[in-house]
Amino acid sequence: YWKSVWQNFIKKKMAVIMAVVFFALLIFTFVAPLISIYDAETVRIDFQNRDARFTSPNSHFWFGTDSIGCDYWCQVWSATRTSIILSVSVSVGQILVGVLIGLLWGYVRKLDRILTEVYNVIANVPYILLISVVVLIMSASFWSMVFALTVTGWIAIAYFIRTQVIIIRDREYNLASRCLGTPIPRIATKNILPFMT
């Protein structure tokens, strides 16, 4: 399957070019601080030196400066790096939590009613409101944002996995596996993970 996907991808020149551009930007996001003159958190000038404020792009300030003289180049790459780390962290967290809870939700029948109620509560409250409440309860920081986005975003993945588990759970080959003593984690991973990929 993956060999055919790769072959189809290679045939499309624009897709390959954009993938190269994407990975080049991704790598440069982490290389940029090493070649930058200033740090994104540092204010370049005091208010006495007005010449460095609102500077146009030049050899010294590659993207120019803002109203207090901070270098836009540093700010752009710092924000990009933070966004990438945030998105990867949240995606990994949501997938891990969603798949684990979805497997339990679909396989353990006693949990179905409880987790369905949890799903109804989270799904019917506005997403931004839930994130705001979680961030207000915790301190406003990068990892509290990761936690808030993970806590509110796992539910769709879990519901999808739960549906697939219910479809597959009571098929004859799974009933036979349980009768032969196959452990439940092995049955779950053999049935669900290939479907997801």
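What's the local net charge at Y107, with K and R +1, D and E -1, over the other residues with C-beta under 10 Å away?
+2
Among 178-186, 138-146, what's the highest-first ranking by average C-beta atoms within 10 angstrom per residue?
Averaged packing, sorted descending, gives the order 138-146, 178-186.
Between (1) 16.9, 48; (2) 24.4, 81; (3) 15.5, 49, which entry matches Rg and Dmax of the Cα atoms in Å as derived from the coordinates of this structure?
Checking each listed value against the structure points to (2).
Per residue of the chain, what 222 nm ellipticity follows from adding -39500 (n - 2.57) for every DSSP H run with n ≥ 4, rounded to the nearest 500?
Helix-only estimate at 222 nm: -24500 deg cm²/dmol.
Roll a 1.4 angstrom probe over the protein heavy atoms and tell me the percent of accessible area of the stretch 66-146 that is carbon or sulfur.
The value for the stretch 66-146 is 74 percent carbon and sulfur by accessible area.
Using the Cα centre of the stretch 1-139 as origin and beta-carbon charges of +1 (Lys, Arg) and -1 (Asp, Glu), tell me which of W73, V133, F28 is placed farthest towards the positive end of the dipole.
F28
For the chain, what is the accessible area per residue in Å² when the probe is 1.4 Å?
That works out to 68 Å² per residue.
Sort Y173, Y159, Y107 by accessible area with a 1.4 Å probe, largest first.
Listed by decreasing accessible area, they come as Y173, Y159, Y107.
Given labels modelled 7 Å from the Cα in the Cβ direction, how far is it in nm from Y72 to V20?
Taking the simple label geometry, Y72 and V20 are separated by 2.8 nm.
Show me the helices of the chain, taken as full DSSP H stretches, that run 27 Å or more along their long axis by Cα and average 0.5 or above in Kyte-Doolittle hydropathy.
13-35, 72-107, 142-169
The values are calculated or read from the model by the stated rules, or taken from the named source; none is laboratory data. Nothing here was measured: the structure is a model prediction, and the numbers come from that model. Don't worry about glycine lacking a Cβ; one is built from the backbone with ideal geometry, like all the others, and counts go over all protein chains shown. Accessible surface is based on the protein model in full, side chains and every heavy atom, while ligands, DNA and RNA are left aside. Shrake-Rupley method; radii C 1.70, N 1.55, O 1.52, S 1.80 Å.
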